[in-house]
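Chemist: A single structure is presented below for examination.
Please treat every number below as a calculation from the coordinates, not as lab data. Note that the structure is predicted; figures quoted are calculated from it, not measured. Methodologically, a virtual Cβ is constructed for each residue, glycine included, from the backbone with ideal geometry; neighbour enumeration extends over all protein chains shown.
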Amino acid sequence: MQQVQPEAYKAMIGLEKYLNSTQLTDTHKDLIKMRASQVNGCAYCINLHTKDARQHGEAEQRIYLLNAWKETTLYTEEERAILALTEEITLISRQASDEVYQKAAGLFSETYLAQIIMAAVAINAWNRIGISTHMQPG
């Protein structure tokens, strides 16, 4: 993609630069990226973002149990809201529920909530690029 469509790739990098300038914590960005990548089955992105999460200090147990986040108490109320919203954005054909959105809206400012949504949108785009071009983990 980078060689064949450099302008499109540059636009995606621009979105990543924007996300890196937001108030989103590394933990929140990592959870969004890892969970959406798990749901989408993007091996390249799962591998990349779990490495990033480890570098940011994420606990191994939380990484291992992320796909079962609803069944554990390892994640904060805020993280659970982020994970629920990320899943609903990722599985958008089911439509995002008012309940999940309102829960997140009650926990985060409008700006932070918008940044969460943009982070979920961005990783879903990257997952689609990675899966459709058969990118493989290093």
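Chemist: Once you place label points 7 Å from the Cα toward the Cβ at Glu16 and Ala125, how far apart are they in nm?
Modeler: According to this spin-label approximation, the distance is 1.2 nm.
Chemist: Follow-up question, since we're still on this one. Given points 7 Å out from each Cα along the Cα-Cβ axis, report the Arg94 to Leu74 separation in nanometres with one decimal.
Modeler: Placing both labels 7 Å beyond Cα along the Cβ direction yields 2.1 nm.
Chemist: Additional query: Relative contact order of segment 6-132: what whole-number percent is it, with Cα pairs under 8 angstrom and at least 6 residues apart?
Modeler: Numbers: 114 pairs, mean separation 46.9, N = 127.
Reported relative contact order: 37 percent.
Chemist: Please give the direction-averaged projected area of the C-alpha convex hull for segment 6-132, in square nanometres with one decimal.
Modeler: On the way: hull surface 31.4 nm².
Its Cα hull, projected and averaged over all orientations, spans 7.8 nm².
Chemist: Okay, next question. Cα-based count: Lys pairs in the chain below 24 Å, eight or more positions apart or different chains?
Modeler: Count of close lysine pairs: 14.
Chemist: OK, next. In deg cm²/dmol, rounded to 500, what helix-only [θ] at 222 nm does the chain give when every DSSP H run of at least 4 residues adds -39500 (n - 2.57) and the total is split over its residues?
Modeler: On the way: 7 runs with 95 residues, N = 138.
Helix-only estimate at 222 nm: -22000 deg cm²/dmol.
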